[in-house]
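One structure below.
Throughout, read-outs are computed from the coordinates displayed, never taken from laboratory work. Everything quoted here is computed from the prediction, not taken from an experiment. Cβ: placed from backbone, ideal geometry, glycine included. Neighbour counts: every protein chain shown.
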Amino acid sequence: MALKDYSDSDDAQADGQRVFNEFDCPDCNANNPYDDGFVDGDEIRCYYCGAEYKVRVVDGKLRLKMI
Ligand SMILES: [Zn+2]
């Protein structure tokens, strides 16, 4: 029996942490795709208006706090 190697780690969800790949800017409503993904505690920036936000994930939902 061959063991499959599952070590490839694209968008690894360590600790069951949810990884988000896009967000809607609270300020200008632009949809920002984030190919690298972001998780709770990250800081993200709107590509359109330049606003920066601190990412908080509460009960699996995204909350953005302007920095
Ligand atoms: Zn924006």
Problem set entry | Farthest positive-ward along region 18-66 dipole, Cα basis, beta-carbon charges - from A51, L62, N29 | L62
Exercise. Which peptide among 41-48, 53-60 comes first, and what is the full order, when sorted by highest mean count of other Cβ atoms within 10 Å?
Worked result: 41-48, 53-60
